[in-house]
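Here is the structure we will look at.
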Amino acid sequence: AGLGYSIVVNGGDCEETEVAPADIAADFSTADASELAEDNAPLRMAALSPNPARSTTRLGFEVDHAMRVDVDLIGVDGRSAEAIYAGSAEPGLTYLLDIWVEDLPAGVYQVRVQGAGHQIVQKLVIQN
């Protein structure tokens, strides 16, 4: 199966996209900004929840200004990054990303969010 995602911003659907093959998928929507950790960086990421995860985990992020955002899942070897999302993000919105992990091997991964020269990395434990 290929990595797929659909984006919902302010209640409107956007086109679905197929990208490089992977065993994960994502669904974006907007939510309350209070779910995000406070920080002065132009890119902020909420804690992955649930973590450890069995089938899905959710991450949220916000940006202070329009920027390209890349979200990757990195295996324990540090080299096997899977692109979860690569696209634009706008200020004033909270993006929620549901990541389906049920088809991935159990283990420790990193979720990396990058944008505007900033990077945030969180550990994700997948249990099957």
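If you go through segment 55-81 and pick out every residue that is closer than 18 Å to residue 110 by Cβ and more than 11 Å from the chain's Cα centre (by Cα), you end up with 9. Considering 92, 87, the condition of being at pLDDT 90 or above and outside any strand (DSSP E or B) is satisfied by 92 alone.
Yes/no per residue for (1) under 23 Å from residue 127 (Cβ atoms); (2) crowded, with 17+ Cβ neighbours inside 10 Å; (3) within 13 Å of the chain's Cα centre (by Cα); (4) of a type outside the set (Lys, Arg):
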site	(1), (2), (3), (4)
43	no, yes, yes, yes
47	yes, no, yes, yes
99	yes, yes, yes, yes
104	yes, yes, no, yes
107	yes, no, no, yes
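Candidates in segment 65-84 are the residues that are farther than 14 Å from residue 120 by Cβ and in contact with an Asp or Glu (Cβ under 7 Å, 6 or more places away or on another chain); of these, the one that is surrounded by the most Cβ atoms within 10 Å (Cβ to Cβ) is 82. State whether one or more residues within segment 57-64 are open to solvent by less than 30 Å² (accessible area, probe 1.4 Å), modelled with pLDDT of 50 or more, closer than 24 Å to residue 117 by Cα and among the aromatic types (Phe, Trp, Tyr). Yes; the residues of segment 57-64 include at least one that is open to solvent by less than 30 Å² (accessible area, probe 1.4 Å), modelled with pLDDT of 50 or more, closer than 24 Å to residue 117 by Cα and among the aromatic types (Phe, Trp, Tyr).
The values are calculated or read from the model by the stated rules, or taken from the named source; none is laboratory data. Computed from a prediction, not measured in an experiment: that's the story for all the values here. Heads up, the Cβs are rebuilt from the backbone with ideal geometry, glycines too, and the neighbour counts pull from every protein chain shown. We work out accessible area using only protein heavy atoms, side chains counted, and drop any ligands, DNA or RNA first. Shrake-Rupley method; radii C 1.70, N 1.55, O 1.52, S 1.80 Å.
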